[in-house]
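Enquirer: What follows is a single structure, and I will ask about it in a moment.
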Amino acid sequence: RIIMGIESSCDETGVGLVRLHDDGAVELLADEVASSVEQHARFGGVVPEVASRAHLEAMVPTANRAFEAADLKLSDVDAIAVTAGPGLAGALLVGVSAAKAYAAALGVPLYGVNHLAGHIAVDTLQHGPLPTPSLALLVSGGHTQLLRVDDIATTITELGSTVDDAAGEAYDKVARVLGLPYPGGPPIDKAAKQGNPAAIAFPRGMTGPRDAKFDFSFSGLKTAVARWVEGAERRGEEIPVNDVAASFQEAVADVLTAKAVRAAKESGIGTLVISGGVAANSRLSELARERCEAAGIELRVPRPRLCTDNGAMIAALGAHVVAAGVKQSSLDISANPALPVDTVSI
Ligand code: ATP
Ligand code: MG
Ligand code: FE
């Protein structure tokens, strides 16, 4: 069966096509993405109205490119999956409306699915079926969560999450302080490679004995970086951008991996998946690999292209949902900007 996945929760219009094999294996056939990130760059963040309009313009061309790439026709599609939430309301609506139109016109079932579960499900395209249970560290522009995955199609439980900023948000804000472009993850990752991660001892949020074990906090870290840079500027010193980037990045990777490994150990889970845009970070995956190896935990990190928003992740999740025999969505569904992570499909 062929599953089409549509993603439009933020600033990427994504259309993916996958084949669900009889044994449950999911094969990637096409993954086309159109991004409006350049239109948001000068604002230092995504402008919702601009994103919605870009989705509207890009949706059908992106879908057509996916069918071309996979050498498939619309009539080959057996089911449509679409991001129903969480995300920007107007942006989500474009994808949901398009998905309804495709489902109605083709006479195939529609599945409204969770974007965050999609970030995890995408790993199965690269590394095969997820062992159950698995632990997932979801680190993206809007979310930072530690999740227990008992069944990617139906059962995801939150063990912890950020109490303030998401990890990706911290990257974007620190990049701005350092005069690096938006989105901040890639330029900080690059600068950090030339810097000393031990140059500045930035705080590790939520790691005190009284703090919730699996929650995260990055707003204190972000403020500490801003204060440090202000201090250096006041003294008329040149900002050692590479050292600040490396020290900030080390603090983020340290806290994320320490908590994830501890959660895996305490719950006796043998597999950790790290996904979402920040999973593309080179130091995060390096440190996670070291610490997982030491703890005897299998680590899975999808390739960077699959970590950031795309349609293939939604098609992959859709395929698992179809394979699990989950009830299809009504053609009356709407987008839910605040869809909770434990609601895999609606
Ligand atoms: P959500 O999935 O929570 O709705 P989103 O979809 O906007 O948010 P993603 O596209 O998954 O988020 O990730 C975008 C974030 O990933 C940005 O904050 C960006 O700075 C960050 N990012 C991308 N590449 C890297 C990298 N190499 N290192 C660190 N962060 C990165
Ligand atoms: Mg994005
Ligand atoms: Fe995302």
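Enquirer: Are any of the residues in the stretch 29-50 over 30 Å from ASP172 (Cα atoms) and away from ligand 1 (no atom under 16 Å from the Cβ)?
Expert: Yes, there is a match, as at least one residue in the stretch 29-50 is over 30 Å from ASP172 (Cα atoms) and away from ligand 1 (no atom under 16 Å from the Cβ).
Enquirer: Of all residues in the stretch 156-209 being aromatic (Phe, Trp, Tyr) and within 19 Å of ARG227 (Cα to Cα), which is surrounded by the most Cβ atoms within 10 Å (Cβ to Cβ)?
Expert: Applying the filter and picking the extreme gives TYR171.
Enquirer: Could you tell me whether the stretch 1-12 includes any residue that is more than 13 Å from ALA315 (Cα to Cα), without any contact (Cβ under 8 Å) to a residue 60 or more places away in the chain and out of contact with any Pro (no Cβ under 6 Å at 6 or more places or on another chain)?
Expert: No, every residue in the stretch 1-12 fails to be more than 13 Å from ALA315 (Cα to Cα), without any contact (Cβ under 8 Å) to a residue 60 or more places away in the chain and out of contact with any Pro (no Cβ under 6 Å at 6 or more places or on another chain).
Enquirer: Now a separate question. In the stretch 84-94, is there at least one residue being away from ligand 3 (no atom under 11 Å from the Cβ) and either at pLDDT below 95 or within 14 Å of the chain's Cα centre (by Cα) (or both)?
Expert: yes
Enquirer: If ALA251 passes every condition in (1) under 28 Å from the mean Cα position of the chain (by Cα); (2) more than 23 Å from HIS40 (Cβ to Cβ); (3) surrounded by fewer than 21 Cβ atoms within 10 Å (Cβ to Cβ) but one, which one does it miss?
Expert: Result: ALA251 fails condition (3) only.
Enquirer: Something else now. Going by the structure shown, is SER140 surrounded by fewer than 20 Cβ atoms within 10 Å (Cβ to Cβ), closer than 24 Å to ASN114 by Cα and within 16 Å of ligand 3 (Cβ to nearest atom)?
Expert: no
Enquirer: Looking only at the stretch 226-282, count every residue that is among the basic types (Lys, Arg) and in contact (Cβ under 8 Å) with a residue 24 or more places away in the chain and tell me the total. Give the steps one after another, and end with the answer.
Expert: Step one: filter the stretch 226-282 for residues among the basic types (Lys, Arg), giving 227, 234-235, 259, 262, 265.
Restricting the remaining residues to those that are in contact (Cβ under 8 Å) with a residue 24 or more places away in the chain gives 259, 262, 265.
Adding up the residues that qualify gives 3.
Enquirer: Here's another thing I want to ask about it. Looking only at helices (runs of 4 or more DSSP H) that fall completely inside the stretch 270-336, which ones have 2 or more residues that are within 12 Å of ligand 1 (Cβ to nearest atom) and surrounded by fewer than 24 Cβ atoms within 10 Å (Cβ to Cβ)?
Expert: Helices (runs of 4 or more DSSP H) meeting the threshold: 282-295, 304-307.
Enquirer: In the stretch 235-248, which residues are acidic (Asp, Glu) and either surrounded by 18 or more Cβ atoms within 10 Å (Cβ to Cβ) or within 30 Å of SER134 (Cα to Cα) (or both)?
Expert: ASP243
Enquirer: Something else about it: Can you pull out the residues in the stretch 1-44 that are within 16 Å of ligand 3 (Cβ to nearest atom), surrounded by fewer than 21 Cβ atoms within 10 Å (Cβ to Cβ) and more than 16 Å from the chain's Cα centre (by Cα)? Break it down stepwise before answering.
Expert: First, pick out the residues of the stretch 1-44 that are within 16 Å of ligand 3 (Cβ to nearest atom): 5-16, 31, 33-37, 40.
Within this subset, residues satisfying the condition of being surrounded by fewer than 21 Cβ atoms within 10 Å (Cβ to Cβ) are 33-35, 37, 40.
The answer is ALA34, HIS40.
Enquirer: OK, next. Looking at GLY195 and the list (1) farther than 24 Å from HIS119 by Cα; (2) in contact (Cβ under 8 Å) with a residue 60 or more places away in the chain; (3) more than 16 Å from ligand 2 (Cβ to nearest atom); (4) not β-branched (Val, Ile, Thr), which single condition is not satisfied?
Expert: Result: GLY195 passes all but (2).
The values are calculated or read from the model by the stated rules, or taken from the named source; none is laboratory data. Not measured: the values here are computed from a predicted model. Every residue, glycine among them, receives a Cβ derived from its backbone with ideal geometry; neighbour counts consider all protein chains shown.
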